[in-house]
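Here's the structure we're looking at; comments come further down.
The values are calculated or read from the model by the stated rules, or taken from the named source; none is laboratory data. Source: prediction; values computed, not measured. So basically every Cβ, Gly included, is an ideal-geometry build from the backbone, and we count neighbours across all protein chains shown.
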Amino acid sequence: MTDEAKRIIAPLDSARVKELHAGDRVLLSGSIITGRDAAHKRMTDLIKAGDPLPFSIEGEIIYYVGPTPAPPGRPIGAAGPTTAYRMDAYAPLLIEHGLKGMIGKGQRSDSVKQAMAKWGAVYFTSVGGAGALISQRIKEATILAWEDLGTEAVRRLVVEDLPLIVATDVHGGDLYITGPAKYRQR
Amino acid sequence: MRTIHVDDISIAVKKLCMEACTILGADVLEALKRAQAAEESPIGAEILGRIIENAAIARTENIPLCQDTGMAVLFLEIGQDVHFEGGSLTDAIHEGVRLGYRDGRLRKSVLHPITRVNTGDNTPAVIHMEVVPGDRLKITMAPKGFGSENMSRVTLFPPSAGIQGVKDFVVQRVQESGGNPCPPIVVGVGLGGTFEKAALIAKKALLRPLGGANPDPLLAELEKDLLERINRLGIGPMGLGGRTTALAVHVNAYPTHIASIPCAVNIQCHSSRHREIEL
């Protein structure tokens, strides 16, 4: 995976998003944020009420993860992706408000894909259940907001060569459709 | 009559929680390696390699295999000649879970279903107790992640649906789950009993070691047939395409009512974790 992967730096812009295609292997470095079910509900409630978020999502990649507590001397514990469809109800609004990327696992809904194509955002996946391995690529973790949510708090992560696969792109490509179709036997 | 102090149970449960979340069973690792060798999809084979690498890192670095260290599900087989002293058996189990998730730095994922307020210590556990002959106590800890638990279903077929209805339901459930439950999965199927019995025996089917055939020839045949159909779906590792969608299908059966075929499908991710101890 490593030698043929595209190296990209977070945060992202629309031009970079357009260069990514479903099936691309990516090594992501830079700064990303985390959020899962509870944080998505709070973000959505604030946006709908016209209130500011306690952090910016402009150009950000959000990683759907709820890590385990950090061992001594490490920034974070196990930190693999969680299932993305649970964020489908919230994602289009966040994309409309500047979110450029998402990292999770599992297929996205049509409404998320439409929002991605319209506003320019990409969906990456990494290996679910590989929380210990992924943890080693996370160099810093700090809580940005909503510490009361525990593992679901929004964190800022600094990652180095985080191995990802582009699952869904802005061009209509979806590896969750084309991948299985290639190997399906009747 | 044999006496067991409940403090010893707390200590045992604590240890089981910590080990179950960081050490992948040898049977699962072997199944993953066999799958990796046979996988035709390059991305699929690569993903299987990363899953195997992850298990090595988790074990040597003492980091959980997966950040979803689950809801603690405990099965107790209690010899009928055992007497517990020192307090409540149930409280002792919850205390063991509390200590294991605290000291093992495991994720606290348990909350109220309506208020969504986290209990903060991953309790309560889900506890299944069974009284058996003898004076021993067997405890199995099976942390259950909910990426796969969310994909599980129970249905109650009319007898006219027959075994074909059951098979189609199981395969359809895996198809609809796609990449969500972190394939390659283990599929636990519970057939018969009542609504809750079917679900319970489906979950218990996940505890059976991988690689062995069901001792009941009828169920062994059903498992083989289901596994072949599931692995023809093409879902593959993490749902990105390939031949390895399931590592195994395990079926448990129990007699049922003349009016029904209860059928439960409990999906287990590749991080198929469980540890047991006998006291």
Checklist entry - Tally time: how many residues in the stretch A:74-85 are surrounded by fewer than 17 Cβ atoms within 10 Å (Cβ to Cβ) and more than 11 Å from every other protein chain (Cβ to nearest Cβ)? => result 0
Item to check | Checking A:ILE62 against (1) outside any loop (DSSP other than H, G, I, E, B); (2) touching a helix residue (DSSP H, G or I) at 6+ places or on another chain (Cβ under 7 Å); (3) away from chain B (no Cβ under 14 Å), the condition it does not meet | outcome: (2)
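Would the stretch A:125-132 turn up any residue that is among the polar types (S, T, N, Q), touching a Lys or Arg at 6+ places or on another chain (Cβ under 9 Å), assigned to a loop (DSSP other than H, G, I, E, B) and surrounded by 21 or more Cβ atoms within 10 Å (Cβ to Cβ)? Even if it seems obvious, please write down each step before you answer.
Going through the stretch A:125-132, the residues among the polar types (S, T, N, Q) turn out to be A:125-126.
Right, trim to touching a Lys or Arg at 6+ places or on another chain (Cβ under 9 Å) and you get A:125-126.
With the extra rule that they be assigned to a loop (DSSP other than H, G, I, E, B), the set shrinks to A:126.
Still in the running and surrounded by 21 or more Cβ atoms within 10 Å (Cβ to Cβ): A:126.
Yes - at least one qualifying residue is present in the stretch A:125-132.
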Checklist entry - Do you know which of the residues in the stretch A:86-96 that are within 14 Å of another protein chain (Cβ to nearest Cβ) and not in a loop (DSSP other than H, G, I, E, B) is surrounded by the most Cβ atoms within 10 Å (Cβ to Cβ)? => result A:MET87
Item to check | Which numbered condition A:SER31 fails, given (1) under 13 Å from the mean Cα position of the chain (by Cα); (2) part of a strand (DSSP E or B); (3) crowded, with 21+ Cβ neighbours inside 10 Å | outcome: (3)
Checklist entry - Quick one: in the stretch B:112-158, which of the residues that are among the polar types (S, T, N, Q) and within 14 Å of chain A (Cβ to nearest Cβ) is surrounded by the fewest Cβ atoms within 10 Å (Cβ to Cβ)? => result B:THR115
Item to check | Test set (1) surrounded by fewer than 19 Cβ atoms within 10 Å (Cβ to Cβ); (2) assigned to a loop (DSSP other than H, G, I, E, B); (3) of a type in the set (A, V, I, L, M) - B:LEU65 fails condition number | outcome: (1)
Item to check | Top-ranked residue in the stretch A:141-172 [being part of a strand (DSSP E or B) and free of Cβ contacts under 8 Å to residues at least 60 places away in the same chain; ranked as nearest to the other protein chains (Cβ to nearest Cβ)] | outcome: A:ILE143
Item to check | Those residues of the stretch A:1-36 which are of a type in the set (S, T, N, Q) and farther than 26 Å from A:THR142 by Cβ, in sequence order | outcome: A:THR2, A:SER14
Next on the checklist: Given the condition out of contact with any helix residue (DSSP H, G or I) (no Cβ under 7 Å at 6 or more places or on another chain), outside the structural domain of B:ILE258 (by TED's automatic domain parsing), polar (S, T, N, Q) and more than 18 Å from B:VAL249 (Cβ to Cβ), answer yes or no: does some residue in the stretch B:153-165 qualify?
Outcome noted: no
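Scan the stretch B:30-49 for residues that are surrounded by fewer than 16 Cβ atoms within 10 Å (Cβ to Cβ) and of a type outside the set (Gly, Ala, Ser) and jot them down.
B:GLU30, B:LYS33, B:ARG34, B:GLU40, B:PRO42
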Next on the checklist: Restricting to the stretch B:101-119, count the residues that are under 18 Å from B:GLY70 (Cβ atoms) and in contact with a strand residue (DSSP E or B) (Cβ under 9 Å, 6 or more places away or on another chain).
Outcome noted: 9
Checklist entry - Out of the stretch A:36-59, which residues are within 11 Å of another protein chain (Cβ to nearest Cβ) and either among the charged types (D, E, K, R) or surrounded by fewer than 17 Cβ atoms within 10 Å (Cβ to Cβ) (or both)? => result A:ARG36, A:ASP37, A:LYS41
Checklist entry - Under 6 Å by Cβ, and 6 or more places apart or on different chains, what pairs join a residue from the stretch B:111-123 that is closer than 17 Å to B:VAL97 by Cα with one that is among the small types (Gly, Ala, Ser) and outside any loop (DSSP other than H, G, I, E, B)? => result B:ASN118/A:GLY150
Checklist outcome for this item: Selection from the stretch B:221-279 of residues within 14 Å of chain A (Cβ to nearest Cβ), part of a loop (DSSP other than H, G, I, E, B) and not polar (S, T, N, Q) yields B:ARG232, B:LEU233, B:GLY234, B:ILE235, B:GLY236, B:LEU240, B:GLY241, B:GLY242, B:ARG243, B:CYS269, B:HIS270, B:ARG273
